[in-house]
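Novice: Structure below; questions to follow.
The values are calculated or read from the model by the stated rules, or taken from the named source; none is laboratory data. Computed from a predicted model, the values in this text were never measured in an experiment. Cβ atoms come from the backbone with ideal geometry, glycine included; neighbour counts cover every protein chain shown. Keep in mind that these areas ignore ligands, DNA and RNA; they rest on the heavy atoms of the full protein, side chains included. Shrake-Rupley method; radii C 1.70, N 1.55, O 1.52, S 1.80 Å.
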Amino acid sequence: MRIDKLRQAMTENELPAVLITSSPNVFYFSGFTGTNGTLFITMDRKYLLTDFRYIEQAEKEANGFEVIRVDSEPSVEIGKLSEGLQSIGIEENTLSWAEYRRFKEAAGNCRLADASEIFNRLREVKDPAEIEILRKAIRITDEAFAMILDRLKPGVQEEEIALELEFSLRRLGASGRSFDYIVASGGRSALPHGVASSKKIIAGEAVTLDFGAKYQWYCSDMTRTVFIGQPEAKYRELYRIVLEAQEAAIQALKPGMTGKEADAVARDVIGKAGYGDFFGHGLGHSLGLEIHETPRLNTRENKVLEPGMILTVEPGIYLPGWGGVRIEDVILVTNFGAEVLTQASKQFIIID
Ligand code: ZN
Ligand code: ZN
């Protein structure tokens, strides 16, 4: 099915073959989970090139692929397979300069063209099995959030919280974390990307937690800002605006809308409240085998939302040197609107 769709896209793009090198794409198109694998797919053949460690696993996982053993790098073999072909689609964003040079040399007169957009596009709409896995990944994340609330108290380091979160997620069945966790307390909560540091949490501070699980190769992602004791009154105002922006965007989201239009709904709410200059990032991103996939929700995204897409909705307001608030849920685009998959509370949480 995935290969049929891929071949259809290859035909439309006049590519008689593609070379797939990044592990998410290798997994998506073949099912192979080893750390060394390259796919070479033509209109009637499909090959998986890997080294001796993975031959057995490759034959088991990559159904219908001809497994070729390559004990050094695969360019010579790719050169042989591409004989007589006019062009090959490659992944320009994940291929190293050295790999590109070797493939180019091996491919001879055959033209190499970037096919990343073809692969990205095929991964945008999730199938029912992928949606089930993502639901589970998100459920695990919700549970880990509920568990961490007890651990948040003055004197605890941000890094300890990040570690606890990962530990809970793994106990709940995750294989790891989906990115470097953000635990940003006090003034650091103004950093949209404040990765957990050695800073200790102090009473009265806001703490932004942005984290996710890797579960059966799929990523989850959520953010909540919570408060350790009574925060300054201004935080209530910011929280109310961010939540209103997020809920307005979720309400409005539906198939047929562009990423830009969705972004504008939240941006309008924050802009009208007077904080437009302090929401400096896009509203959200798709996620799946990778934490950031296409389409995005931002001021430039012209791609149209379709049922089966899974995206985050994560507006924020960040006041430099003071603090910030972000709220992030994952949603599924349905036939008529959006279903919120994240279940964690969005109330203004004060931990005493
Ligand atoms: Zn996040
Ligand atoms: Zn995110």
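Novice: Over region 219-352, what relative contact order in percent results from Cα pairs under 8 Å that are six or more residues apart?
Specialist: Reported as a whole number, the value is 34 percent.
Novice: So for region 282-352, averaging the separation of alpha carbon pairs under 8 Å that are six or more residues apart and normalising by length, what relative contact order in percent results?
Specialist: Taking the mean separation of contacting Cα pairs over the length of region 282-352, I get 23 percent.
Novice: Helix 259-272: angle to the longest alpha-carbon principal axis of the chain, degrees 0 to 90, nearest 10?
Specialist: Helix 259-272 and the main axis of the chain meet at about 20 degrees.
Novice: Based solely on its DSSP helices, what 222 nm [θ] is calculated for the chain when runs of n ≥ 4 H residues each add -39,500 (n - 2.57) and the sum is averaged over all residues, nearest 500 deg cm²/dmol?
Specialist: -11000 deg cm²/dmol
Novice: Right, another one. Taking the Cα centroid of region 8-49 and of region 98-176, what is the distance between the two, rounded to the nearest whole Å?
Specialist: 21
Novice: State the percentage of accessible surface on the chain attributable to carbon and sulfur atoms; use a 1.4 Å probe and exclude ligands, DNA and RNA.
Specialist: 50
Novice: May I ask you to give the solvent-accessible area per residue for the chain, in square angstrom, as obtained with a 1.4 angstrom probe?
Specialist: 45
Novice: Let me ask something additional. Relative to the longest principal axis of the C-alpha atoms of the chain, give the angle of the C-alpha long axis of helix 233-252, reported between 0 and 90° and rounded to the nearest 10°.
Specialist: 40
Novice: Still on this structure, I have one more. In degrees, nearest 10, range 0 to 90: what is the angle between the Cα axis of helix 2-12 and the longest Cα principal axis of the chain?
Specialist: Helix 2-12 sits roughly 70 degrees off the main axis of the chain.
Novice: Now for a separate question. Give Lys80/Lys104; Lys136/Lys254; Lys126/Lys214; Lys46/Lys136; Lys5/Lys254; Lys214/Lys303 a once-over and call out the pairs whose C-alpha atoms are over 20 Å from each other.
Specialist: Over 20 Å Cα-Cα: Lys136/Lys254; Lys46/Lys136; Lys5/Lys254; Lys214/Lys303.
Novice: Here is a follow-up. Can you find, among Pro24, Phe119, Ala203, the residue sitting farthest towards the positive end of the charge dipole of the chain, where Lys and Arg contribute +1 and Asp and Glu -1 at Cβ?
Specialist: Final value for the positive-end residue is Ala203.
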